[in-house]
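The values are calculated or read from the model by the stated rules, or taken from the named source; none is laboratory data. Since we're looking at a predicted model, the values are computed, not measured. Cβ placement follows ideal geometry from the backbone for every residue including glycine, while neighbour counts extend to all protein chains displayed. The area values use the complete protein model at the heavy-atom level, side chains included, leaving out ligands, DNA and RNA. Shrake-Rupley method; radii C 1.70, N 1.55, O 1.52, S 1.80 Å.
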Amino acid sequence: MTACEKAREGRRVLLASPTQDQADQFWEKCRTWLAPLIDAGIVQKNETRRTLLFPGGGRIRAKTAHDADTLRGDYADFLVLDEFAIMDPSAWDLVGAPMLLDNDGDAWFISTPKRKNHFHAMYARALGDDTGRWRAWHFTSHDNPHLSQAALAEITADLTEDSYKQEIMAEFLDNEGAVFRNIAACMHALKGATPDQHKGHRLVMGADWGKQQDYTALSVVCADCRCEVAHDRFNKIDYAFQRQRLVSMAEAWDVRMIVPESNSMGAPIIEQLQRDPKLARVRIAPFETTATSKAPMIESLALAMERAECQWIDDPIWTAELEAYEMKVSATTNRPTYSAPPGVHDDTVITRGLAWSGVSRSHRPAFGAV
């Protein structure tokens, strides 16, 4: 119905689904509802391309698409990605988003969850948005007035508990290799804490760098109170400005230890931080993330959460990255590897891991040495 209304307004509507059956259902509804206009020659139908052309330039098209390559070569200013959880995230990142840039278009992402993958990350982003650009909805099968409740009850009787939660209740289940447990019990740090409340305390900052696709994330943790007091996350700004934001946050909180990731562009930024007179009293302890060093850092943070040893600020995006983070066992080395699922960022997980590693090894006599 929305597609028909948008096309009548002159909008170019594109619905993409990962399977032909799903695209067919959408196409059949549009074709049936618009039959009088099609028969009158007002709307032009192309059955082969699954396209409906309206007077004034409006258009509806239904197609199958699973990844960026299958979505290329089309255009829209109203894009609907159906069952986005089972699409490759590149469909949006590499093609869908750029497609809407020249027309300030709109996009809908609709899906049954598939554990906490890229669709969950996007849903969490929408929940936490305060710019007005994103909105999020959640509906269970029980909310659908067009479904028979009797038939629904019969079907659900044969489902496993996980299948019922995901398929009927539209819940995002923990990934099978989820690393962090007891997350909800650890999300009670005071929002809006002030430096005065932690004056004289040992404050540690973790810093994970990013620029374009990745984000730079900063987390400040009070080692005495065992709680996160501030955090920041940003991207697409140059490294000089990123450094300035870090220094400003460190000054505001009188941070005495910074644990920055030294990989890639981290090394030259760290050198500049070490020469900055504003950080003369700050211990800078670079952390090189490798296959050997990453596992103990992540496992230490996971254990702290399991024991509720530290409280963290409850932020939808930051919490979603913790929930999605997973462990897999390498078939080659038989060792565990830790990462976010495809299409999901892990910058906030890493920066919290860096901050916690600083808390774990911070001692009052060590502060003041660079």
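Values as computed for the structure displayed
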| item | result |
| --- | --- |
| GNM top mover of P316, P286, P342 - the chain, alpha-carbon springs below 10 Å | P342 |
| Exposed-loop-free span, longest in the chain, where chymotrypsin sites (Phe, Trp or Tyr not before Pro) count as exposed if DSSP calls them loop and at most 12 other C-beta atoms lie within 10 Å | 140-370 |
| 22 Å Cα cut-off, lysine pairs counted over the chain (separation 8 or more, or different chains) | 17 |
| Directionally averaged projected area (convex hull, Cα atoms, the chain), nm² | 22.6 nm² |
| Compactness of region 41-102 - radius of gyration and Dmax, Cα, Å | 12.7, 38 |
| Stokes-Einstein D in µm²/s, Kirkwood radius over Cα pairs - region 220-328 at 10 °C with 1.306 mPa s viscosity | 102 µm²/s |
| Within the accessible area of the chain (1.4 Å probe), percent carbon and sulfur | 49 percent |
| For region 94-137, accessible area per residue (1.4 Å probe, heavy atoms of protein chains only), Å² | 60 Å² |
| At R0 = 51 Å, FRET efficiency that the Cβ-Cβ distance of Q149 and L303 yields, to 0.05 | 0.70 |
| Extent along principal axes [Cα atoms of region 148-202; Å; largest to smallest] | 63, 26, 11 |
| Euclidean distance of C-alpha centroids, region 224-262 and region 62-118, integer Å | 34 Å |
| Positive dipole terminus of region 5-147, leading residue within L147, F78, P18 (C-beta point charges) | L147 |
| Probe 1.4 Å, accessible area per residue of region 297-341, Å² | 47 Å² |
| Value at 222 nm in deg cm²/dmol, rounded to 500, when DSSP H runs of n ≥ 4 in the chain each add -39,500 (n - 2.57) | -9000 deg cm²/dmol |
| Most mobile of A250, A153, A107 in a GNM of the chain (Cα contacts under 10 Å) | A153 |
| Total charge dipole magnitude, the chain, about the Cα centre, Cβ charges on Lys, Arg, Asp, Glu only, Debye to nearest 20 | 1080 debye |
| Solvent-accessible area per residue, Å², over region 141-180 with all protein chains present [probe radius 1.4 Å] | 65 Å² |
